[in-house]
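Here's the structure we're looking at; comments come further down.
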Amino acid sequence: NELTEEEKVRDALPAGFVLENDNKRYTILNYISCGAFGYTYRADMLNQQNGIKEIVAIKEFYPRLREQGIVSYRENSQSNRMKVDLDNPDQEKLFKDMRKMFYKEGDFLRRMSDAPDNHVTEFKSLFDNEPTGTIYYSMKLYKGATLDDMIKDGQIPTSEPLIINNIVIPLCKALHTMEEHKILH
């Protein structure tokens, strides 16, 4: 009952779509991925206060849980406003709980920005967007291959100490930090 990749991509915000909050303007460059909470995009972020531009990752709260009866959809291609039809109070409660968890995740990243050695991605902003009817947070976009890509391409370091020091320990530190703050990942 899972969404197909085609269904996921079809509902993603289009390249060139603009989101604004306070003094930042985000232009969607492309879709990266989709999970139960929503979409992740690559975006150009312009700080309108100082003119600095940066490529960032931006997550959109756009829940897709067919089994629980929660599937978001866009109102129309002009507004790209998120809509979700909920048939009962349990679905409404789940939707509201998910929204709170998404917001909490963004707030967690904000609070962790200055914590030393936490191995959690650098936070940029957390904001509601009235035109799209949902919330977003942006964070540093890291370049390079994913761990999955590296495994498939046979690029994983063969040295056990390199694997432990460069992958396992940082990953465990990040997960520990998130677990301490009750963040599900």
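The values are calculated or read from the model by the stated rules, or taken from the named source; none is laboratory data. Please read all numbers here as calculations on a predicted model, not as lab measurements. Here the Cβ positions follow ideal geometry from the backbone for every residue, glycine too, while neighbour counts run over all protein chains shown. Keep in mind that these areas ignore ligands, DNA and RNA; they rest on the heavy atoms of the full protein, side chains included. Shrake-Rupley method; radii C 1.70, N 1.55, O 1.52, S 1.80 Å.
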- For Pro116, indicate whether it is at pLDDT 85 or above, surrounded by fewer than 11 Cβ atoms within 10 Å (Cβ to Cβ) and either over 20 Å from Lys59 (Cα atoms) or under 17 Å from the mean Cα position of the chain (by Cα) (or both). no
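This table checks each residue for (1) part of a loop (DSSP other than H, G, I, E, B); (2) in contact with an Asp or Glu (Cβ under 9 Å, 6 or more places away or on another chain).
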residue	(1), (2)
Met101	no, no
Leu109	no, yes
Lys124	no, yes
Asp128	no, no
Ser138	no, no
Ala145	yes, yes
- Search result, residues across region 92-109 that are basic (Lys, Arg) and in contact (Cβ under 8 Å) with a residue 24 or more places away in the chain: Arg99, Lys104
- Message: Which numbered condition in (1) in a helix (DSSP H, G or I); (2) open to solvent by less than 70 Å² (accessible area, probe 1.4 Å); (3) among the hydroxyl-bearing types (Ser, Thr, Tyr) is the only one that Thr40 fails?
- Response: (1)
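Determine, yes or no, whether Tyr62 is open to solvent by less than 70 Å² (accessible area, probe 1.4 Å), closer than 17 Å to Leu141 by Cα and not polar (S, T, N, Q).
It is false that Tyr62 is open to solvent by less than 70 Å² (accessible area, probe 1.4 Å), closer than 17 Å to Leu141 by Cα and not polar (S, T, N, Q).
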- Message: What pairs come out if I take residues in region 1-19 that are surrounded by 13 or more Cβ atoms within 10 Å (Cβ to Cβ) and pair them with residues that are among the basic types (Lys, Arg) whose C-beta lies under 8 Å away, six or more apart or interchain?
- Response: Leu3/Arg64; Leu3/Arg66; Lys8/Arg64; Asp11/Arg74; Val18/Arg25; Leu19/Arg25
- If you go through Thr132, Thr121, the only one that is of a type in the set (Val, Ile, Thr) and at pLDDT 90 or above is Thr132
- Message: Is it the case, given these coordinates, that Asp85 is open to solvent by 90 Å² or more (accessible area, probe 1.4 Å), of a type in the set (Asp, Glu), over 14 Å from the mean Cα position of the chain (by Cα) and under 17 Å from Gly38 (Cα atoms)?
- Response: yes
- Query: Just wondering, is there one or more residues in region 134-152 that are in contact (Cβ under 8 Å) with a residue 12 or more places away in the chain, more than 24 Å from Glu54 (Cβ to Cβ), open to solvent by less than 40 Å² (accessible area, probe 1.4 Å) and under 22 Å from the mean Cα position of the chain (by Cα)?
  - Reply: no
- Of the conditions (1) surrounded by 12 or more Cβ atoms within 10 Å (Cβ to Cβ); (2) hydrophobic (A, V, I, L, M, F, W, C); (3) at pLDDT 95 or above, Cys34 clears all except one; give me its number. (3)
- Checked pairs for region 73-91, first assigned to a loop (DSSP other than H, G, I, E, B), second at pLDDT 90 or above and exposed (fewer than 15 other Cβ atoms within 10 Å of the Cβ), C-beta under 7 Å and 6 or more apart or across chains, list as Glu75/Lys83; Ser79/Pro131; Arg81/Pro131; Leu86/Glu92
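Does any residue of region 153-166 turn out to be within 30 Å of Lys53 (Cα to Cα) and either open to solvent by less than 90 Å² (accessible area, probe 1.4 Å) or more than 13 Å from the chain's Cα centre (by Cα) (or both)?
Yes, the conditions are met somewhere in region 153-166.
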- Note on the structure: For region 1-16, the count of residues that are in a loop (DSSP other than H, G, I, E, B) and either closer than 11 Å to Tyr62 by Cβ or at pLDDT 80 or above (or both) equals 6
